[in-house]
Amino acid sequence: MNRKYRKTVIAGNWKMNKTPSETKEFMTQLKAILPKGRWCDVALCVPAVCIPAAVRAMRETRVGIGAENCNANASGAYTGEIATNMLVDAGCKYVIIGHSERRAMGETDADVNAKVLAALNAGLTPIMCCGESLEQRQSGITTEWITMQIKLGLAGVPEDKIRKVIIAYEPIWAIGTGKTATAEQAQEIHAYIRTILREKFGAAADETPILYGGSCKPSNAPELFAKEDVDGGLIGGAALKAADFLAIGKGFPQK
Ligand code: PEP
């Protein structure tokens, strides 16, 4: 299916950066330069304490605010954790799940799966991350690794909910390193992910945006976004400056 039938998205991941005051400042700058007409979807996933300031500032704009993690349980004795219904009540629309930095802290595919299901149940859009390490790429097991992450991460997702999921392909070797996957490397894996999604979910999978993440910036976004199966980007470093973040969104081919 042609990309024009699915959403194009730029999603920012601030990681552990910016205070609530800095969030307010950033949002003021972002609002001033937001394009007015038809544009891609814009999501900004921010540290939990910045969510209220971000939601307040972006009310009545096209920008949806998201969290960088959630807990799969509805409530209870999970000190320091945040449930999906809390995120919804705080005004979130998105939640990043299974970022490689969280997987490095011990998050498993089973955890990712439970979080994806909880996010969907709560009405959030999960941005589920997958991606291989440099060692995995060099030993030729990238597709096997990605297949496992996608299949386990999306286990039990009903067919009619797959449209509500966003997948982010983030090769670990490209995150925060300045080494971007080439547009061809990204397209190869994105097309592969689309095939796995089709096998599992049928035609509905053609509507699932697959974002590229890993040192994406205004200068390389146009080449990446020109590829058929690259539906946008999950942006780390370049999402910390309002102008750079939006400049990445200008990288989509004109429809
Ligand atoms: C990320 O952390 O999701 C990411 C893609 O980071 P960066 O853009 O800085 O590589």
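Since every read-out is calculated from the coordinates, none of them should be taken as a lab result. As the structure is a prediction and not an experimental result, all values here were calculated from the model. Positions of Cβ are backbone-derived with ideal geometry, glycine not excepted, and every protein chain shown enters the neighbour counts.
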- Message: Give me the extension gain from Glu228 to Lys241: residue separation times 0.36 nm, minus the current Cα-Cα distance, reported in nm with one decimal.
- Response: 1.9 nm
- Task: Can you run the Rg to Rh ratio on region 1-66? Use alpha carbon positions and the Kirkwood inverse-distance Rh.
- Result: 1.02
- Note on the structure: Ordered by fewest other Cβ atoms within 10 Å, a rough proxy for footprinting exposure, Ser21, Ser100 read Ser21, Ser100
- Query: Short version: what are the Cα gyration tensor semi-axes of region 147-221, square root of 5 times each eigenvalue, largest first, in whole Å?
  - Reply: 25, 12, 11
- Item | 25 °C / 0.890 mPa s Stokes-Einstein diffusion coefficient of region 192-249, Kirkwood radius on C-alpha pairs, µm²/s | 200 µm²/s
- What translational D, rounded to a whole number of µm²/s, comes out for region 85-150 from Stokes-Einstein when the hydrodynamic radius is the Kirkwood one over Cα pairs, at 20 °C and 1.002 mPa s? 167 µm²/s
- region 15-165: Cα Rg divided by the 2.2 N^0.38 Å rule of thumb: 1.12
- Message: Quick check: convex hull over the Cα atoms of the chain, volume per residue in Å³, rounded to an integer?
- Response: 117 Å³
- Query: What is the Cα centroid distance between region 209-255 and region 160-189, reported in whole angstrom?
  - Reply: 11 Å
- Given a Förster distance of 30 Å, the FRET efficiency implied by the Cβ-Cβ spacing of Asp160 and Glu199, rounded to the nearest 0.05, works out to 0.95
- So what is the relative contact order of the chain, in percent, for Cα pairs below 8 Å that sit 6 or more residues apart? 21 percent
